[in-house]
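K.L.:
One structure coming up, written as structure tokens, with questions to follow.
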Amino acid sequence: MPEGRLHYQDHLEALEKNCLGGLDLVIAALDRTMEAVEHQDTELAELVIADDDRIDGRYLEVHQEILTLLATQAPVATDLRLISALLHVMHSIERMGDQCVNISKVIPLTGYDAPVHSEMIDRIRLMGKQARTMVSQSKKAFEGRDVELARDLVRQDDLIDNLNKECFQIAVQVGDDPDTREWAMTMMLVARAIERIGDNAVDIGEQVAFVVTGLFREFEDASHPGRETLPSG
Amino acid sequence: MPETADTTKTDTDSALQTDLAKTAEQASKRGTDKVERVAKRFTVKSLNLYYGDFHAVHDVTMRIEPNQVTALIGSSGCGKTTVLRSLNRMHELTPGARVEGEVELDDQDIYASNVDAVEVRRLVGMVFQAPNPFPTMSVYENVAAGLTLNRKVSKSEKDDIVERSLRGSHLWDEVKDRLHRKGSALSGGQQQRLCIARATAVQPEVLLMDEPCSALDPVATLAVEDLIEDLKSRYTIVIVTHNMQQAARVSDSTAFFNLEAPGQPGHLVEIDATDKIFTTPSQKETEDYVSGRFG
């Protein structure tokens with residue numbers, strides 16, 4: 001039988017590409033953000049804040065495309081699940097962009113010559129690197145409809161969570177110097193924002209599983225840590 | 001050998017029971033909120049339909065739940081209308097047509113030798129694609145046409161049934177002042193609702209609808225769809241439609257039929273709760289059809 005609805009299929013593919021392209025914008029924003037954190041580069045931080053409009057714009061664009069497809073094409077089955085998933089993914093992308101903005105906003109608070117505590121900044125650097133890997137992996141998993149790769153994001157996220165906890169311990173024991181304490185508290189805000197980016201990448205992974213299986217389950221139940229809710233395989 | 005035959009039958013029955021239990025459970029989740037009258041259930045087992053030598057439908061096994069709307073969908077020639085027509089023994093009216101397998105209405109096999117086909121058609125009414133009121137009869141006469149076939153009906157009883165049927169078909173308010181004008185003078189949508197009133201006047205158990213809205217404009221279509229939603233509180237409804245959005249809107253269960261190739265018999269690919277068919281169908285064939293990827 002002839003293949004049908006070719007324009008519609010093109011439209012769907014373009015929508016997915018446009019949405020997942022938002023993850024490239026997040027990676028670019030995250031790279032700049034981490035560089036700004038490392039070098040206390042307030043100008044670069046301002047650039048990240050200004051550029052977030054691109055991610056917000058992408059969100060609005062994808063949202064409008066989704067509304068148009070729903071209104072005009074009545075998608076069903078996998079197409080419907082894909083569109084629903086893309087709406088969630090785009091929301092996660094927008095949140096990741098906002099986390100980069102949140103980090104960039106606190107960089108000026110650390111001051112020009114901050115009392116950098118090397119153990120803590122090393123961990124934050126590692127967290128940023130790990131978050132970048134996760135964002136990239138979430139995109140690859142979605143593009144390939146790879147549920148195993150998506151599930152692996154949970155393992156990757158554990159690394160970020162552990163680093164975040166270590167940062168907290170360091171911050172608690174950072175000493176009596178008020179400037180260093182203030183810097184450490186600011187860095188905790190940074191660590192928390194990066195940790196949220198990791199969570200958003202896991203959320204995208206859950207949408208991969210939804211598109212493929214038709215079942216929506218959180219990979220891990222936040223209120224019951226350690227309890228996996230989606231059978232593997 | 002009897003042993004082999006028994007084993008095969010048991011396996012078929014067991015598979016059927018599993019399928020049926022699944023269908024019933026899923027369909028009941030969307031079932032009718034209010035059931036005014038419990039209608040009858042169809043159980044179709046290993047149904048094969050032929051037109052002479054041509055094998056039109058191959059081995060259909062499914063259950064059609066009472067007081068629910070079951071939509072039959074599939075591309076042209078896949079046998080869905082043939083299956084529909086076999087449910088009230090209209091298939092056999094075509095010369096050379098024959099039926100193998102069982103079609104049970106509750107526990108009664110409608111093809112059993114002691115069953116009268118006319119009585120089956122009273123219990124299982126049909127609404128056709130194009131509205132077909134009797135052209136020379138008035139609105140009133142159209143609705144009352146089937147009432148006197150089997151028994152004598154008094155004028156007052158007939159009045160009551162006509163009014164009840166027209167009200168049940170959402171038509172009473174539009175025609176109550178012109179009951180004695182020709183039915184064919186009504187609009188297309190009104191004529192189709194008149195045909196539904198005629199079909200329900202004889203108190204059937206099941207209403208079969210063969211693309212009942214394909215000749216209607218969107219407003220009349222929505223009126224008939226609303227009517228179908230109300231009718232399932234009293235009847236079991238089976239609808240054949242080419243409009244998948246209509247199947248999605250009006251039905252509780254959807255059965256997808258397909259052909260392996262032109263000239264091959266149609267077969268049932270799957271039957272499931274409508275929301276499942278349109279979100280996560282079990283079969284790729286169904287997925288491709290409902291999302292318009294093929295044909």
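K.L.:
Among the residues of region A:80-96, is any among the acidic types (Asp, Glu) and either closer than 30 Å to residue B:249 by Cβ or over 19 Å from the mean Cα position of the chain (by Cα) (or both)?
P.N.:
Checking region A:80-96: not a single residue is among the acidic types (Asp, Glu) and either closer than 30 Å to residue B:249 by Cβ or over 19 Å from the mean Cα position of the chain (by Cα) (or both).
K.L.:
Within region B:135-159, how many residues are touching a strand residue (DSSP E or B) at 6+ places or on another chain (Cβ under 7 Å) and within 14 Å of residue B:196 (Cα to Cα)?
P.N.:
Selection size over region B:135-159: 0.
K.L.:
Can you tell me how many residues within region A:100-121 are at pLDDT 95 or above and among the charged types (D, E, K, R)?
P.N.:
Count: 1.
K.L.:
Which of the residues that make up region B:265-295 are of a type in the set (Ser, Thr, Tyr), part of a helix (DSSP H, G or I) and in contact with a strand residue (DSSP E or B) (Cβ under 9 Å, 6 or more places away or on another chain)?
P.N.:
Those that are of a type in the set (Ser, Thr, Tyr), part of a helix (DSSP H, G or I) and in contact with a strand residue (DSSP E or B) (Cβ under 9 Å, 6 or more places away or on another chain): B:274, B:286, B:289.
K.L.:
Moving to a separate point now. Determine, yes or no, whether residue A:33 is farther than 22 Å from residue A:193 by Cβ, of a type in the set (Val, Ile, Thr) and part of a helix (DSSP H, G or I).
P.N.:
No; evaluated as a whole, the condition is false for this residue.
K.L.:
Can you name the residue in region B:281-295 that is crowded, with 17+ Cβ neighbours inside 10 Å and hydroxyl-bearing (Ser, Thr, Tyr) and, of all such residues, is farthest from the other protein chains (Cβ to nearest Cβ)?
P.N.:
Checked region B:281-295; the qualifying residue farthest from the other protein chains (Cβ to nearest Cβ) is B:289.
K.L.:
Given A:118, A:104, which one is closer than 19 Å to residue A:35 by Cα and without any contact (Cβ under 8 Å) to a residue 12 or more places away in the chain?
P.N.:
Answer to the selection: A:118.
K.L.:
Looking at (1) under 14 Å from the mean Cα position of the chain (by Cα); (2) surrounded by fewer than 19 Cβ atoms within 10 Å (Cβ to Cβ), can you tell me which one residue B:241 breaks?
P.N.:
Looking at each condition in turn, residue B:241 falls short on (2).
K.L.:
Among B:199, B:185, B:220, which is of a type outside the set (Ser, Thr, Tyr) and buried (at least 23 other Cβ atoms within 10 Å of the Cβ)?
P.N.:
It is B:199.
K.L.:
Continuing with this model, one more query. Out of the residues in region B:228-258 that are within 29 Å of residue B:50 (Cα to Cα) and among the β-branched types (Val, Ile, Thr), state the one that is farthest from the other protein chains (Cβ to nearest Cβ).
P.N.:
B:236
K.L.:
Residue B:86 - would you say it is among the hydroxyl-bearing types (Ser, Thr, Tyr) and closer than 29 Å to residue B:37 by Cβ?
P.N.:
yes
K.L.:
Which residues, counting only those in region B:259-274, are within 10 Å of chain A (Cβ to nearest Cβ) and either among the basic types (Lys, Arg) or touching a residue at least 24 places away in the same chain (Cβ under 8 Å) (or both)?
P.N.:
B:259, B:262, listed by residue number.
K.L.:
So which residues in region B:118-171 are of a type in the set (S, T, N, Q) and either over 22 Å from the mean Cα position of the chain (by Cα) or closer than 14 Å to residue B:184 by Cβ (or both), if there are any at all?
P.N.:
B:132, B:136, B:138, B:142, B:148, B:150, B:154, B:156, listed by residue number.
K.L.:
Between a residue in region B:100-119 that is at positive phi and any residue that is surrounded by 15 or more Cβ atoms within 10 Å (Cβ to Cβ), which pairs come within a Cβ distance under 7 Å, given they are 6 or more apart or on different chains?
P.N.:
Close Cβ pairs (under 7 Å, with a partner that is surrounded by 15 or more Cβ atoms within 10 Å (Cβ to Cβ)) amount to B:101/B:45; B:101/B:47; B:101/B:48; B:106/B:40; B:106/B:41.
K.L.:
So, in region B:139-161, how many residues would count as being touching a Phe, Trp or Tyr at 6+ places or on another chain (Cβ under 9 Å), farther than 21 Å from residue B:212 by Cβ and in contact (Cβ under 8 Å) with a residue 24 or more places away in the chain?
P.N.:
1
K.L.:
Scanning region A:1-26 for residues that are under 26 Å from residue A:195 (Cα atoms) and buried (at least 16 other Cβ atoms within 10 Å of the Cβ), which turns out nearest to the other protein chains (Cβ to nearest Cβ)?
P.N.:
A:16
K.L.:
With a cut-off of at least 1 residues that are surrounded by fewer than 21 Cβ atoms within 10 Å (Cβ to Cβ), name the strands (runs of 3 or more DSSP E) lying wholly within region B:33-149.
P.N.:
In region B:33-149, B:42-51, B:54-64, B:97-105, B:124-127 are the strands (runs of 3 or more DSSP E) which contain 1 or more residues that are surrounded by fewer than 21 Cβ atoms within 10 Å (Cβ to Cβ).
The values are calculated or read from the model by the stated rules, or taken from the named source; none is laboratory data. As the structure is a prediction and not an experimental result, all values here were calculated from the model. Every residue, glycine among them, receives a Cβ derived from its backbone with ideal geometry; neighbour counts consider all protein chains shown.
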